[in-house]
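Readers should treat all values here as calculations from the given coordinates under stated rules, not as data from a laboratory. No experiment lies behind these values; they were computed from the predicted model shown. Heads up, the Cβs are rebuilt from the backbone with ideal geometry, glycines too, and the neighbour counts pull from every protein chain shown.
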Amino acid sequence: MSANQSTSDTSTTNSRVGALQRISARCRLASSHIVDLICPRICRACDEPLSSRESELCAACAVGLSRVVGGAYCRTCGEDRGPHLLLDGRCSACRVGPGNPRFTAFARVGRYAEPLNALALRFKYDFTLDRLLGTWLATAIAGRSDFDNIELWVPIPAHWRTRLKRGYQRTALLAEFVARHTGRGRVVAALTMTRRVTPFHMRPGLSAAARAAEIRGAFAVRNSSIVKNKSVCLIDDVSTTGATLLEARRVLREAGVRSISAAVVTKTSTIKSGVDPAAAES
Ligand SMILES: [Zn+2]
Ligand SMILES: [Zn+2]
C-alpha cells in the first residue's frame, strides 16, 4: 500500500467519524427538544420555562444570582461589609467587638435576595434542590484555606417532628454534599433540637434579642466525646441575625470543641435594617 493511499484512507475514516459525531450531536439535540416539549423544564427559582440552552435557572434568575453570590462579606461572621471596611477579611465588630471573632471562619453562597432566597425557601419542600445548593455551598468553602482543617461537618438540626413531616433534613443533605465535594472531614449529627422553633427568616419582625432568647437552650449535644477537641463547621441553609448559629456554637463550646466555623447557603444583611450585628448578638 502506498503512502498516498494510506493518507487518503485515514482522511476518509476521519471524515466519516466526524459526520457520525455531527449526526449523533443533532440526534441528542433533537431528542432533548422532544423531551422539553413533552415535559418542559422550568427554572428552579421562578418556574419560568427553560430554553434548551438553560440548565437549572432561567436567564433572568441567573443574572440575579450573579448579583447576590459572593460579594464582600466578613470571613468570620458573614455580614455584608464593603471591602474598605474589612481588614484581613474581618469586619470591625469581629476584630474588636466582644466575643470576637464570631466564628473561626464563615462561608456563604450569597446574600438573602432573589433568587437565592426563593431557592432556599423551595428547598424546604423540594429536597432535589440539595444537589444545586450543596454544590454551590461546597464551592464557596472549597476556595477557602481557613476551612482546610475542618474535621466534622455538623448540620443545624431540625426538630424530630419537622423531620418526620418533611421526610428529610435540609442541612444534613447540604453537609453530605460539602463533605463529598471538598473531600474534607465527615458529617456528624452532633446536635439535636430539644424543642420546636419556627425558623427566624419566616418571622422577619422578630427582634434579634427575641430570637436569641427563643433559641436559647433549644440545642443539645448528642455525645460530647465525638466533638471534643475537634475542628467543627456548622452547616445551615439560611442565617438571619445568626442567633441559631451562635446558640449552636455555645453548646458545642461547652462540649469542648477546639474551633467552630460556619457555612450557610444564604445570609440576610443587617445593614439595611440598621441592626448592628455585634450589638444584636453578643
Ligand atoms: Zn427563573
Ligand atoms: Zn464580622
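Numbers below:
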{"item": "Label point distance in nm, Glu254-Ala189, each placed 7 Å from Cα along Cα→Cβ", "result": "2.2 nm"}
{"item": "Theoretical gain in end-to-end length, Asp126 to Thr139 [0.36 nm per residue, Cα-Cα removed]", "result": "2.6 nm"}
{"item": "Amide H contacts under 5 Å for Ile42, placed H, 5+ residues apart", "result": "Leu50"}
{"item": "Eligible aspartates and glutamates near Lys228 by straight Cα distance, threshold 16 Å, same-chain separation 8 or greater", "result": "Glu151, Glu254"}
{"item": "Environment charge at Ala62 (Cβ cut-off 13 Å; Lys +1, Arg +1, Asp -1, Glu -1)", "result": "-1"}
{"item": "Distance between segment 199-271 and segment 56-99 - C-alpha centres, whole angstrom", "result": "19 Å"}
{"item": "11 Å beta-carbon shell around Ala72, net charge (K/R +1, D/E -1)", "result": "+1"}
{"item": "Share of alpha-carbon pairs per 10 Å distance bin for segment 48-134, given as whole %", "result": "16, 37, 27, 16, 4, 0"}
{"item": "For Lys267, Lys124, order by how many other beta-carbon atoms lie within 10 Å, fewest first", "result": "Lys124, Lys267"}
{"item": "Segment 71-281: C-alpha gyration tensor shape, a/c 1.5 cut-off, then a/b vs b/c", "result": "rounded"}
{"item": "Extension gain from Tyr168 to Cys46, taking 0.36 nm per residue of separation minus the Cα-Cα distance", "result": "41.6 nm"}
{"item": "Sequence-distant residues sharing a close amide H with Ala107 (under 5 Å, placed H)", "result": "Ala262, Ala263, Val264"}
{"item": "Nitroxide proxy distance, nm - points 7 Å out along Cα→Cβ at Arg161 and Ser55", "result": "4.1 nm"}
{"item": "Exposure proxy order (Cβ contacts within 10 Å, fewest to most) of Trp160, Trp136, Trp153", "result": "Trp160, Trp136, Trp153"}
{"item": "Built amide H within the under 5 Å cut-off of Tyr73, gap 5+", "result": "Arg81"}
{"item": "Alpha-carbon gyration tensor eigenvalues x 5, square-rooted, for segment 112-155, Å", "result": "23, 13, 9"}
{"item": "Residue exposure sequence - Ser207, Ser92 - by fewest surrounding Cβ within 10 Å", "result": "Ser207, Ser92"}
{"item": "More than 18 Å apart - percent of Cα-Cα pairs taken over segment 117-233", "result": "58 percent"}
